[in-house]
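Since the structure comes first, as C-alpha coordinates, the remarks are kept for the end.
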Amino acid sequence: MAYATITEGAVRARVPAAAKVSKEMDVFYNPVMKLNRDVSVLLLQVLGTERKKNKSFHGFSVGSVLAGTGIRECRFLVELEKGILDQVHINDYSEEAVKLIKKNIALNEKSLNCEDIEVSCNEASKFLLDSFGYGYIDIDPFGTPSPFLDAAVKRIQREGILAVTATDTSALSGTYEDSCLRKYWARPMRNHLMHEVGLRILARKVQLIGAQYEKSLVPVYSYSKDHYMRIFFLCQKQGRKKAAAVLKQHQYYHYCGKCLGVFSSQSNNETCCKKKTLYAGPLWIGGLWDKRLAKAMAKVSKTWQHGQAENQKFLDTIAAEAQMDVLGFYPFNLVRQKLRKTPKKKDELLTKKGVVPTHFESNAVKTKSLKNLF
Ligand SMILES: C[S@@+](CC[C@H](N)C(=O)[O-])C[C@H]1O[C@@H](n2cnc3c(N)ncnc32)[C@H](O)[C@@H]1O
Ligand SMILES: [Zn+2]
(Lines give C-alpha, C1' and ligand atoms only; values in the text may rest on other atoms or scores of the structure.)
(Ligands and ions follow the chains in the order given, each with its own letter.)
Protein backbone atom coordinates (compact mmCIF):
# COMPACT_ATOMS: atom_id res chain seq x y z
CA MET A 1 0.00 0.00 0.00
CA ALA A 2 1.18 3.53 -0.76
CA TYR A 3 1.85 5.96 2.06
CA ALA A 4 1.86 9.75 2.16
CA THR A 5 3.25 12.26 4.63
CA ILE A 6 0.57 14.56 5.96
CA THR A 7 0.33 17.35 8.51
CA GLU A 8 -2.35 17.31 11.17
CA GLY A 9 -2.34 19.80 14.03
CA ALA A 10 1.32 20.38 14.86
CA VAL A 11 2.60 17.00 13.72
CA ARG A 12 3.71 15.33 10.54
CA ALA A 13 2.78 11.72 9.99
CA ARG A 14 3.01 8.90 7.49
CA VAL A 15 -0.43 7.54 6.75
CA PRO A 16 -1.86 5.17 4.12
CA ALA A 17 -2.73 7.05 0.94
CA ALA A 18 -6.01 5.24 0.30
CA ALA A 19 -8.64 6.59 -2.07
CA LYS A 20 -11.33 5.44 0.34
CA VAL A 21 -11.20 5.16 4.12
CA SER A 22 -12.01 1.60 5.17
CA LYS A 23 -11.28 -1.08 7.73
CA GLU A 24 -9.37 -2.90 5.00
CA MET A 25 -6.60 -0.28 4.96
CA ASP A 26 -3.19 -1.65 6.02
CA VAL A 27 -3.26 0.79 8.89
CA PHE A 28 -6.36 2.79 9.59
CA TYR A 29 -6.32 6.58 9.22
CA ASN A 30 -9.40 8.76 8.80
CA PRO A 31 -8.82 12.50 8.18
CA VAL A 32 -12.45 13.19 9.16
CA MET A 33 -11.55 12.13 12.70
CA LYS A 34 -9.25 15.15 13.07
CA LEU A 35 -11.90 16.83 15.21
CA ASN A 36 -12.05 13.73 17.41
CA ARG A 37 -8.29 14.06 17.95
CA ASP A 38 -8.50 17.87 18.35
CA VAL A 39 -11.03 17.46 21.15
CA SER A 40 -8.82 14.93 22.94
CA VAL A 41 -5.84 17.28 22.78
CA LEU A 42 -7.93 20.21 24.03
CA LEU A 43 -9.37 18.25 26.93
CA LEU A 44 -5.97 17.04 28.11
CA GLN A 45 -4.52 20.51 27.63
CA VAL A 46 -7.18 22.20 29.77
CA LEU A 47 -7.30 19.54 32.52
CA GLY A 48 -3.53 19.16 32.51
CA THR A 49 -2.96 22.91 32.88
CA GLU A 50 -5.41 23.00 35.80
CA ARG A 51 -3.98 19.94 37.51
CA LYS A 52 -0.37 21.11 37.10
CA LYS A 53 -1.12 23.77 39.73
CA ASN A 54 -1.47 20.95 42.21
CA LYS A 55 1.99 19.73 43.31
CA SER A 56 0.89 16.13 43.66
CA PHE A 57 0.08 15.91 39.94
CA HIS A 58 2.90 14.37 37.93
CA GLY A 59 1.27 14.44 34.53
CA PHE A 60 -1.18 12.07 32.89
CA SER A 61 -0.11 8.51 32.23
CA VAL A 62 -1.74 7.70 28.90
CA GLY A 63 -2.77 4.26 27.69
CA SER A 64 -3.94 4.47 24.11
CA VAL A 65 -4.73 0.94 23.13
CA LEU A 66 -6.20 1.08 19.60
CA ALA A 67 -3.75 3.56 18.18
CA GLY A 68 -3.69 2.88 14.40
CA THR A 69 -1.04 5.18 12.89
CA GLY A 70 -0.32 6.77 16.28
CA ILE A 71 -1.22 10.20 14.96
CA ARG A 72 -3.39 10.97 17.99
CA GLU A 73 -0.62 10.05 20.41
CA CYS A 74 1.97 12.00 18.38
CA ARG A 75 -0.30 15.01 18.68
CA PHE A 76 -0.49 14.51 22.46
CA LEU A 77 3.29 14.28 22.63
CA VAL A 78 3.93 17.36 20.53
CA GLU A 79 0.99 19.66 21.26
CA LEU A 80 0.53 19.21 25.01
CA GLU A 81 2.79 21.44 27.06
CA LYS A 82 5.62 19.97 29.09
CA GLY A 83 4.47 18.50 32.39
CA ILE A 84 1.01 17.50 31.18
CA LEU A 85 2.13 14.01 30.18
CA ASP A 86 4.04 11.68 32.44
CA GLN A 87 4.15 8.63 30.21
CA VAL A 88 2.50 7.53 26.99
CA HIS A 89 1.90 3.88 26.16
CA ILE A 90 0.77 3.31 22.60
CA ASN A 91 -0.65 -0.02 21.52
CA ASP A 92 -2.23 -1.71 18.51
CA TYR A 93 -2.47 -5.40 17.69
CA SER A 94 -1.47 -4.86 14.08
CA GLU A 95 2.26 -5.21 13.37
CA GLU A 96 1.94 -2.83 10.44
CA ALA A 97 0.37 -0.23 12.72
CA VAL A 98 3.14 -0.60 15.29
CA LYS A 99 5.80 -0.07 12.61
CA LEU A 100 4.03 3.10 11.54
CA ILE A 101 3.59 4.35 15.11
CA LYS A 102 7.36 4.05 15.64
CA LYS A 103 8.03 5.82 12.38
CA ASN A 104 5.66 8.64 13.27
CA ILE A 105 7.24 9.16 16.67
CA ALA A 106 10.64 9.35 14.96
CA LEU A 107 9.28 11.87 12.45
CA ASN A 108 8.32 14.22 15.30
CA GLU A 109 11.29 13.38 17.49
CA LYS A 110 12.54 16.95 17.79
CA SER A 111 9.32 18.33 19.24
CA LEU A 112 8.22 15.70 21.76
CA ASN A 113 7.25 17.11 25.16
CA CYS A 114 7.45 13.80 27.02
CA GLU A 115 10.22 11.22 26.93
CA ASP A 116 8.60 8.23 28.53
CA ILE A 117 7.08 6.53 25.50
CA GLU A 118 6.43 2.82 24.98
CA VAL A 119 5.00 1.21 21.90
CA SER A 120 3.56 -2.30 21.97
CA CYS A 121 1.81 -4.83 19.76
CA ASN A 122 -0.84 -6.54 21.84
CA GLU A 123 -4.53 -7.22 22.11
CA ALA A 124 -6.04 -4.09 23.68
CA SER A 125 -7.82 -5.66 26.65
CA LYS A 126 -4.88 -7.91 27.41
CA PHE A 127 -2.57 -4.93 27.23
CA LEU A 128 -4.72 -3.02 29.71
CA LEU A 129 -5.15 -5.90 32.13
CA ASP A 130 -1.38 -6.49 32.17
CA SER A 131 -0.80 -2.83 33.08
CA PHE A 132 -0.87 -1.03 36.43
CA GLY A 133 -3.54 1.37 35.17
CA TYR A 134 -3.63 4.79 33.56
CA GLY A 135 -4.81 8.34 34.21
CA TYR A 136 -6.11 8.60 30.64
CA ILE A 137 -7.31 5.69 28.52
CA ASP A 138 -8.43 6.09 24.92
CA ILE A 139 -10.74 3.52 23.34
CA ASP A 140 -11.06 4.35 19.66
CA PRO A 141 -12.27 1.15 17.93
CA PHE A 142 -13.95 0.21 14.69
CA GLY A 143 -17.62 -0.02 15.61
CA THR A 144 -18.64 -0.69 19.19
CA PRO A 145 -16.33 -0.08 22.17
CA SER A 146 -18.19 -2.80 24.13
CA PRO A 147 -15.48 -5.52 23.98
CA PHE A 148 -12.90 -3.15 25.52
CA LEU A 149 -14.97 -1.55 28.26
CA ASP A 150 -14.37 -4.12 30.97
CA ALA A 151 -10.57 -3.86 30.84
CA ALA A 152 -10.60 -0.09 30.31
CA VAL A 153 -12.89 0.53 33.27
CA LYS A 154 -10.81 -1.80 35.48
CA ARG A 155 -7.62 0.04 34.63
CA ILE A 156 -8.77 3.65 34.70
CA GLN A 157 -7.38 5.34 37.81
CA ARG A 158 -9.38 7.47 40.24
CA GLU A 159 -9.65 10.98 38.85
CA GLY A 160 -8.58 9.60 35.49
CA ILE A 161 -10.29 10.23 32.17
CA LEU A 162 -11.73 7.42 30.09
CA ALA A 163 -12.34 8.44 26.47
CA VAL A 164 -14.70 6.25 24.45
CA THR A 165 -15.62 6.43 20.76
CA ALA A 166 -18.46 4.43 19.20
CA THR A 167 -18.88 4.30 15.44
CA ASP A 168 -21.77 1.85 15.41
CA THR A 169 -24.26 4.70 15.28
CA SER A 170 -26.78 2.60 13.37
CA ALA A 171 -27.31 0.64 16.59
CA LEU A 172 -27.14 3.57 18.99
CA SER A 173 -29.40 5.81 16.97
CA GLY A 174 -31.97 3.19 16.28
CA THR A 175 -31.65 1.89 12.73
CA TYR A 176 -31.00 -1.51 14.28
CA GLU A 177 -32.94 -1.65 17.50
CA ASP A 178 -32.03 -5.28 18.29
CA SER A 179 -28.38 -4.53 17.90
CA CYS A 180 -28.70 -1.64 20.37
CA LEU A 181 -30.49 -3.87 22.87
CA ARG A 182 -27.81 -6.54 22.59
CA LYS A 183 -24.78 -4.29 22.72
CA TYR A 184 -26.06 -1.47 24.92
CA TRP A 185 -28.94 -3.01 26.89
CA ALA A 186 -31.31 -0.19 26.05
CA ARG A 187 -33.93 0.78 23.52
CA PRO A 188 -32.95 3.54 21.05
CA MET A 189 -35.25 6.13 19.46
CA ARG A 190 -35.56 6.67 15.72
CA ASN A 191 -36.42 10.36 15.30
CA HIS A 192 -34.77 13.78 15.61
CA LEU A 193 -33.67 12.90 19.16
CA MET A 194 -31.81 9.75 18.11
CA HIS A 195 -28.29 11.10 18.53
CA GLU A 196 -28.89 12.53 21.97
CA VAL A 197 -30.59 9.30 22.98
CA GLY A 198 -27.71 7.23 21.53
CA LEU A 199 -25.11 9.27 23.39
CA ARG A 200 -27.00 8.82 26.66
CA ILE A 201 -27.39 5.08 26.04
CA LEU A 202 -23.65 4.79 25.47
CA ALA A 203 -22.99 6.75 28.69
CA ARG A 204 -25.15 4.40 30.75
CA LYS A 205 -23.53 1.27 29.33
CA VAL A 206 -20.07 2.48 30.33
CA GLN A 207 -21.38 3.56 33.73
CA LEU A 208 -22.92 0.13 34.38
CA ILE A 209 -19.57 -1.53 33.76
CA GLY A 210 -18.04 1.11 36.05
CA ALA A 211 -20.51 0.36 38.83
CA GLN A 212 -19.44 -3.32 38.82
CA TYR A 213 -15.98 -2.21 39.86
CA GLU A 214 -17.19 0.44 42.29
CA LYS A 215 -16.25 3.20 39.90
CA SER A 216 -18.35 6.26 39.32
CA LEU A 217 -17.95 7.52 35.75
CA VAL A 218 -19.50 10.86 34.84
CA PRO A 219 -19.39 12.44 31.39
CA VAL A 220 -17.35 15.65 31.27
CA TYR A 221 -17.46 16.15 27.49
CA SER A 222 -19.68 14.38 24.97
CA TYR A 223 -20.82 14.75 21.40
CA SER A 224 -22.25 13.06 18.35
CA LYS A 225 -20.95 13.91 14.90
CA ASP A 226 -20.88 12.39 11.42
CA HIS A 227 -20.63 8.66 11.91
CA TYR A 228 -19.58 8.49 15.55
CA MET A 229 -20.24 9.34 19.18
CA ARG A 230 -17.64 10.23 21.74
CA ILE A 231 -17.72 10.58 25.53
CA PHE A 232 -14.99 11.50 28.02
CA PHE A 233 -15.73 10.19 31.52
CA LEU A 234 -14.18 11.36 34.76
CA CYS A 235 -13.62 8.49 37.17
CA GLN A 236 -14.67 10.12 40.42
CA LYS A 237 -13.10 9.63 43.83
CA GLN A 238 -15.24 7.79 46.39
CA GLY A 239 -16.47 5.60 43.55
CA ARG A 240 -18.54 3.18 45.61
CA LYS A 241 -20.70 5.86 47.13
CA LYS A 242 -20.98 7.90 43.97
CA ALA A 243 -21.63 4.95 41.67
CA ALA A 244 -24.97 4.51 43.44
CA ALA A 245 -25.86 8.13 42.66
CA VAL A 246 -24.99 7.53 39.00
CA LEU A 247 -27.31 4.52 38.83
CA LYS A 248 -30.17 6.65 40.16
CA GLN A 249 -29.84 8.78 37.06
CA HIS A 250 -30.52 5.88 34.72
CA GLN A 251 -34.09 6.36 33.61
CA TYR A 252 -36.42 6.14 30.64
CA TYR A 253 -36.55 8.99 28.16
CA HIS A 254 -40.00 10.02 26.94
CA TYR A 255 -41.00 12.03 23.90
CA CYS A 256 -44.46 13.37 23.22
CA GLY A 257 -45.14 13.71 19.49
CA LYS A 258 -47.93 16.18 20.18
CA CYS A 259 -46.36 18.90 22.35
CA LEU A 260 -42.75 17.90 21.44
CA GLY A 261 -41.91 17.69 25.13
CA VAL A 262 -39.20 15.40 26.50
CA PHE A 263 -39.04 14.15 30.08
CA SER A 264 -37.58 11.25 32.05
CA SER A 265 -39.11 8.80 34.47
CA GLN A 266 -38.50 5.46 36.22
CA SER A 267 -41.28 3.92 34.17
CA ASN A 268 -41.48 3.09 30.48
CA ASN A 269 -45.22 3.60 30.53
CA GLU A 270 -46.13 7.28 30.55
CA THR A 271 -48.71 9.49 28.93
CA CYS A 272 -48.54 13.08 27.75
CA CYS A 273 -51.25 15.06 25.96
CA LYS A 274 -53.57 12.09 26.64
CA LYS A 275 -51.39 9.79 24.55
CA LYS A 276 -48.72 7.19 25.33
CA THR A 277 -45.27 8.66 24.88
CA LEU A 278 -42.57 7.21 22.67
CA TYR A 279 -39.84 5.98 25.00
CA ALA A 280 -36.16 5.02 24.88
CA GLY A 281 -33.68 3.76 27.44
CA PRO A 282 -32.89 3.18 30.14
CA LEU A 283 -30.25 5.86 29.66
CA TRP A 284 -28.16 8.48 31.46
CA ILE A 285 -30.29 11.54 32.17
CA GLY A 286 -27.53 13.50 33.92
CA GLY A 287 -25.22 16.12 32.43
CA LEU A 288 -23.17 15.43 29.31
CA TRP A 289 -20.62 18.16 29.97
CA ASP A 290 -18.58 19.86 32.62
CA LYS A 291 -19.67 23.43 31.88
CA ARG A 292 -16.36 25.06 32.72
CA LEU A 293 -14.33 22.51 30.79
CA ALA A 294 -16.45 22.91 27.64
CA LYS A 295 -15.95 26.69 27.73
CA ALA A 296 -12.23 26.43 28.39
CA MET A 297 -11.69 23.97 25.54
CA ALA A 298 -13.42 26.25 23.02
CA LYS A 299 -11.25 29.12 24.26
CA VAL A 300 -7.96 27.25 23.93
CA SER A 301 -8.87 26.10 20.44
CA LYS A 302 -9.14 29.77 19.39
CA THR A 303 -5.44 30.16 20.09
CA TRP A 304 -4.49 27.31 17.75
CA GLN A 305 -2.68 28.24 14.59
CA HIS A 306 -3.98 25.15 12.85
CA GLY A 307 -7.54 25.71 14.08
CA GLN A 308 -10.32 25.44 11.50
CA ALA A 309 -13.37 27.70 11.45
CA GLU A 310 -15.77 24.78 11.11
CA ASN A 311 -14.33 22.96 14.12
CA GLN A 312 -14.26 26.16 16.17
CA LYS A 313 -17.94 26.67 15.46
CA PHE A 314 -18.66 23.16 16.67
CA LEU A 315 -16.69 23.67 19.91
CA ASP A 316 -18.40 27.03 20.51
CA THR A 317 -21.83 25.47 20.01
CA ILE A 318 -21.04 22.77 22.54
CA ALA A 319 -19.63 25.32 24.99
CA ALA A 320 -22.96 27.19 24.83
CA GLU A 321 -25.09 24.04 24.85
CA ALA A 322 -23.22 22.72 27.91
CA GLN A 323 -24.42 25.62 30.04
CA MET A 324 -27.97 24.25 30.22
CA ASP A 325 -28.83 20.79 31.58
CA VAL A 326 -32.06 19.79 29.92
CA LEU A 327 -33.27 16.74 28.01
CA GLY A 328 -34.26 17.10 24.36
CA PHE A 329 -34.47 20.11 22.04
CA TYR A 330 -36.90 21.75 19.63
CA PRO A 331 -36.28 21.59 15.87
CA PHE A 332 -37.93 24.61 14.18
CA ASN A 333 -39.54 22.59 11.39
CA LEU A 334 -41.30 20.35 13.92
CA VAL A 335 -42.47 23.34 15.93
CA ARG A 336 -44.06 24.81 12.80
CA GLN A 337 -45.49 21.51 11.64
CA LYS A 338 -46.85 20.10 14.90
CA LEU A 339 -47.61 23.20 16.92
CA ARG A 340 -48.59 25.36 13.95
CA LYS A 341 -46.66 28.29 15.33
CA THR A 342 -43.63 30.06 13.93
CA PRO A 343 -40.69 30.34 16.29
CA LYS A 344 -38.55 33.47 16.34
CA LYS A 345 -35.35 33.43 14.30
CA LYS A 346 -32.52 31.39 15.78
CA ASP A 347 -30.14 34.36 16.09
CA GLU A 348 -32.71 36.29 18.03
CA LEU A 349 -33.57 33.32 20.25
CA LEU A 350 -29.94 32.79 21.15
CA THR A 351 -29.67 36.29 22.58
CA LYS A 352 -32.35 35.32 25.14
CA LYS A 353 -31.62 33.92 28.57
CA GLY A 354 -32.80 30.34 28.85
CA VAL A 355 -32.22 29.41 25.21
CA VAL A 356 -29.07 27.69 23.94
CA PRO A 357 -28.07 26.06 20.65
CA THR A 358 -27.50 22.33 20.31
CA HIS A 359 -24.80 20.53 18.36
CA PHE A 360 -27.29 17.70 17.70
CA GLU A 361 -29.15 19.79 15.14
CA SER A 362 -28.43 23.22 13.74
CA ASN A 363 -32.03 24.28 13.07
CA ALA A 364 -33.07 23.75 16.66
CA VAL A 365 -32.59 25.11 20.18
CA LYS A 366 -32.62 23.81 23.72
CA THR A 367 -34.79 25.51 26.31
CA LYS A 368 -36.57 24.62 29.53
CA SER A 369 -39.76 26.27 28.37
CA LEU A 370 -41.35 26.13 24.94
CA LYS A 371 -42.75 29.63 25.56
CA ASN A 372 -39.26 31.01 25.06
CA LEU A 373 -39.48 30.23 21.34
CA PHE A 374 -42.25 32.69 20.49
C1 LIG B 1 -10.35 3.13 14.40
S2 LIG B 1 -8.73 2.55 14.36
C3 LIG B 1 -7.84 3.64 15.42
C4 LIG B 1 -7.64 5.02 14.88
C5 LIG B 1 -6.70 5.89 15.68
N6 LIG B 1 -6.99 5.88 17.11
C7 LIG B 1 -6.70 7.31 15.15
O8 LIG B 1 -7.06 8.26 15.89
O9 LIG B 1 -6.34 7.51 13.97
C10 LIG B 1 -8.80 1.08 15.32
C11 LIG B 1 -7.46 0.36 15.51
O12 LIG B 1 -7.64 -0.66 16.47
C13 LIG B 1 -6.84 -1.78 16.14
N14 LIG B 1 -7.49 -2.92 16.80
C15 LIG B 1 -8.71 -3.44 16.54
N16 LIG B 1 -9.02 -4.41 17.42
C17 LIG B 1 -7.97 -4.48 18.30
C18 LIG B 1 -7.70 -5.25 19.45
N19 LIG B 1 -8.57 -6.16 19.89
N20 LIG B 1 -6.55 -5.03 20.12
C21 LIG B 1 -5.66 -4.11 19.69
N22 LIG B 1 -5.85 -3.34 18.59
C23 LIG B 1 -6.99 -3.53 17.91
C24 LIG B 1 -6.83 -1.80 14.64
O25 LIG B 1 -5.64 -2.44 14.18
C26 LIG B 1 -6.89 -0.29 14.28
O27 LIG B 1 -5.60 0.21 14.07
ZN1 LIG C 1 -47.40 16.25 25.34
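The values are calculated or read from the model by the stated rules, or taken from the named source; none is laboratory data. The model shown is predicted, which means the values in this text are computed figures rather than measured ones. For neighbour counting, all protein chains shown are included, and Cβ atoms are generated from backbone atoms with ideal geometry for every residue, glycine included. Just the protein is used for accessible areas: all its heavy atoms, side chains included, with ligands, DNA and RNA removed. Shrake-Rupley method; radii C 1.70, N 1.55, O 1.52, S 1.80 Å.
Worth pointing out:
- When the charge dipole of the chain is built from unit charges on Cβ atoms (+1 for Lys and Arg, -1 for Asp and Glu) and taken about the Cα centre, the candidate among Leu339, Tyr3, Val62 whose Cα reaches farthest toward its positive end is Leu339.
- Working ranking of peptides 157-170, 179-192 by packing, defined as the average number of other Cβ atoms within 10 Å per residue, highest first, is 157-170, 179-192.
- Taken over the chain, the convex hull of the Cα atoms encloses 143 Å³ per residue.
- Accessible surface calculations at 1.4 Å, restricted to protein heavy atoms, place the chain at 46 Å² per residue.
- Sites listed here are GluC sites (Glu not before Pro) in the stretch 98-151 whose DSSP assignment is loop and whose Cβ has at most 16 other Cβ atoms within 10 Å: Glu115, Glu123.
- Taking the chain and dividing mean pair separation by its residue count, relative contact order in percent (alpha carbons under 8 Å, at least six apart): 11
- With the highest mean first, a sort of the peptides 281-292, 263-274 on other beta-carbon atoms found within 10 angstrom per residue produces 281-292, 263-274.
- Sparsely packed GluC sites (Glu not before Pro) within the stretch 1-65, loop by DSSP, other Cβ within 10 Å at most 12: Glu24
- Tilt relative to the chain, helix 95-107 - C-alpha long axis, 0 to 90 degrees, to 10: 80
- The stretch 147-184-the stretch 3-21 distance, computed between alpha-carbon centres (Å): 28
- Based on every Cα atom in the stretch 1-159, Rg and the maximum pairwise Cα distance Dmax equal 15.0, 48 Å.
- Accessible carbon and sulfur surface of the stretch 291-373 relative to its total accessible area, %, 1.4 Å: 49
- The overall shape of the stretch 216-353, judged from the alpha-carbon gyration tensor, is oblate: a/c is not under 1.5, and a/b is no greater than b/c.
- Heavy-atom surface analysis with a 1.4 Å probe gives the stretch 143-262 a carbon and sulfur content of 50 percent of its accessible area.
- Highest to lowest packing among 351-364, 297-310, scored as the average C-beta count within 10 Å: 351-364, 297-310
- Restraint check, Lys154/Lys205; Lys126/Lys241; Lys215/Lys242; Lys52/Lys242; Lys225/Lys248, Cα-Cα greater than 18 Å: Lys126/Lys241; Lys52/Lys242; Lys225/Lys248
- Cα gyration tensor shape for the stretch 291-373, rounded if a/c is under 1.5, else prolate or oblate: prolate
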